[in-house]
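> Got a structure for you, questions after.
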Amino acid sequence: MAVIQCLLEDVHLSGARFQGILIIFRKKTALAYDNFTHELLLTKSPLGISKDKRKRLLHKADEIIIDKDTYNRTRAQLFDAVREEGTNLLVWLEEAMKILDRAREITQTSKTFFSPENSGQEALKQHLLKANSAVWVCVFTISDNELSDVLIEQHRQGRDIKVLTDNDKIYDRGSDIFGLKEAGVPVKIDETDCHMHHKFAIIDRELLVNGSYNWTRSADEFNHENLIITRDEALVRDFSKEFARLWSSLPWL
């Protein structure tokens, strides 16, 4: 299932056709998850989970997609089952959680991109488009109009869009920073003698984009750059804290 999702993200389809495929994909994903959860709960026993059932469920865990909310909901169901029947199910709970964590780990793997052959610009743009609540951008410079346009549109849709950037680079030819400010996007700059040289973004407080990749057409088409997109919770947390620290200390453009 994870492979199918990646293929859908990489393939350029017309709007209606893409939406139709995506709806079917989501329905199949939800059905697979429901079956997985149901089977996992059916294994409930003071003796734990048998070897055959554990093997089958681990295989299913590799095939389904579980996001953070779904994981937490399923985890609560497992603990509720133990509370209802007492501590004699602790062995089962430990084994069930290992299987659930296996499904969760599949969705937390990182993906790398290397410019100019496979820059990751399209993947980055799609993640920006899919943002539901917030995009916090901390980059040296922005001159890629496609990415800037997405940030402006997401701001107009009411998303929490913030941009931190370097005070010298905003005057570069082709810089989109003043355009973002004029569109109402909150922008802060580093006015110290040193450069604000980061190139990272936090999306919905659960996805980190990071690497050498500046948000420019040169990084996309010509330079040798790297870009990492990850849901690693520890990294997302640490970068979110750093963004919040910088945002609270730097001045407005």
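Laboratory data are not the source of any read-out in this text; all were calculated from the coordinates shown. Note that this is a predicted model, so its numbers are computed, not measured. Quick reminder, even Gly has a Cβ in these numbers, built from the backbone with ideal geometry, and neighbours come from all protein chains shown.
> At a 10 Å Cβ-Cβ cut-off, how would you order ILE177, ILE228, fewest neighbours first?
ILE228, ILE177
> Let me know the shape class of the stretch 32-90, please: from the alpha-carbon gyration tensor, a ≥ b ≥ c as square roots of the eigenvalues, rounded when a/c is under 1.5, otherwise prolate if a/b is greater than b/c, or oblate.
Values: a/c = 2.60, a/b = 1.23, b/c = 2.12.
Since a/c reaches 1.5 but b/c is at least a/b, the shape of the stretch 32-90 is classed as oblate.
> Taking the Cα-to-Cβ direction at ARG156 and at SER240 and moving 7 Å from each Cα, how far apart do the two end points lie in nm?
2.9
> May I ask what percent, to the nearest 5, of DSSP beta bridges between residues of the stretch 134-253 are antiparallel?
60
> Another one. With a ≥ b ≥ c the root eigenvalues of the C-alpha gyration tensor of the stretch 114-164, is it rounded (a/c under 1.5), prolate (a/b larger than b/c) or oblate?
prolate
> If you don't mind, another one. Run through the DSSP bridge list for the chain and note the antiparallel percent, rounded to the nearest 5.
65
> Rg and Dmax of the chain over Cα atoms: what are they, in angstrom?
Both quantities, over Cα of the chain: 21.8, 68 Å.
> Mind pulling the angle between the C-alpha long axis of helix 51-61 and the longest principal axis of the chain? Nearest 10 degrees, somewhere in 0 to 90.
In the chain, helix 51-61 runs at an angle near 20 degrees to the longest axis.
> Something else: Have a look at the stretch 111-249 and give its Rg and Dmax from the Cα atoms, expressed in angstrom.
Computed over the Cα atoms of the stretch 111-249, radius of gyration and Dmax are 13.7, 38 Å.
> As a quick test, which of the pairs LYS68/LYS241; LYS68/LYS111; LYS44/LYS241 have an alpha carbon distance above 28 angstrom in this structure?
Result: LYS44/LYS241 exceed 28 Å.
> Further question: Which of LEU89, PHE239, LEU180 sits farthest toward the positive end of the charge dipole of the chain, with +1 on the Cβ of Lys and Arg and -1 on the Cβ of Asp and Glu?
Final value for the positive-end residue is LEU89.
> Could you tell me how many degrees, from 0 to 90 and to the nearest 10, lie between the Cα long axis of helix 15-42 and the main elongation axis, the longest principal axis, of the Cα atoms of the chain?
Orientation of helix 15-42: about 40 degrees from the principal axis.
> If I take R0 = 25 Å and measure r between the Cβ atoms of ASN35 and ASN226 in this structure, what FRET efficiency does the formula 1/(1 + (r/R0)^6) give, to the nearest 0.05?
0.05
> With +1 on each Lys and Arg Cβ and -1 on each Asp and Glu Cβ, and nothing else charged, work out how big the dipole of the stretch 111-249 is about its Cα centre, in Debye to the nearest 20.
Roughly 440 debye for the stretch 111-249.
> What is the ratio of the Cα radius of gyration of the stretch 83-154 to 2.2 N^0.38 Å, with N the residue count, to two decimals?
Against the compact-globule rule of thumb, the ratio is 1.83.
> What angle do you read, to the nearest 10 degrees and between 0 and 90, between the alpha-carbon axis of helix 90-106 and the longest principal axis of the chain?
Its long axis makes an angle of about 30 degrees.
> For the stretch 25-147, count all C-alpha to C-alpha pairs, find those more than 27 Å apart, and express that count as a whole percent of the total.
Here the long-distance tail beyond 27 Å is 37 percent of all Cα pairs in the stretch 25-147.
> Another question about this same structure. Gaussian network model of the chain, Cα springs within a sub-10 Å range: biggest mean-square fluctuation belongs to which of ASP232, ASP52, ASP220?
ASP52
> What are the radius of gyration and Dmax of the stretch 176-226, computed over its Cα atoms and given in Å?
13.1, 33
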